Amino acid sequence: MYKFAWTQGFRKGFKKAAKKNRHMQEKIFNVLDELSRDPFDPKLKTHKLQGKLNGLWACRVEYDCMIAVLFLHLTFCRTPTRN
């Protein structure tokens with residue numbers, strides 16, 4: 001399962017989209033839920049972006065609503081403890 005970190009831009013865009021269309025909030029949450037389970041599920045149509053957004057991936061919620069994602073590979077090392 002993947003975890004998300006919300007950017008300020010995402011929060012702002014989410015509020016704006018939810019205000020315009022009340023059903024959009026539920027659709028966005030559904031897509032985020034699917035992304036957290038399997039970001040490359042074919043029904044999400046996840047694809048690489050190019051140009052200024054090179055390095056990001058995206059999937060569409062609706063025709064005029066897209067979620068851009070940056071995948072980070074984080075590893076956490078446990079430091080040895082002294083006896």
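The values are calculated or read from the model by the stated rules, or taken from the named source; none is laboratory data. On a predicted model such as this, the values are computed, not experimentally measured, just so you know. A quick note on method: Cβ atoms are made from the backbone with ideal geometry, for glycine too, and the neighbour counts reach across all protein chains shown.
Annotations for the structure displayed:
- When segment 1-33 is limited to residues that are touching a helix residue (DSSP H, G or I) at 6+ places or on another chain (Cβ under 6 Å) and not hydrophobic (A, V, I, L, M, F, W, C), the one that is nearest to CYS65 (Cα to Cα) turns out to be GLN25.
- Search result, residues across segment 3-50 that are among the aliphatic types (A, V, I, L, M) and surrounded by 14 or more Cβ atoms within 10 Å (Cβ to Cβ): ALA17, ALA18, MET24, ILE28, VAL31, LEU32, LEU35, LEU44, LEU49
Here's the yes/no breakdown for (1) at pLDDT below 90; (2) under 15 Å from the mean Cα position of the chain (by Cα):
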site: ALA5; (1), (2): yes, yes
site: GLY13; (1), (2): yes, yes
site: LYS48; (1), (2): no, yes
site: GLU62; (1), (2): yes, yes
site: CYS65; (1), (2): yes, yes
site: LEU72; (1), (2): yes, yes
site: CYS77; (1), (2): yes, no
site: ASN83; (1), (2): yes, no
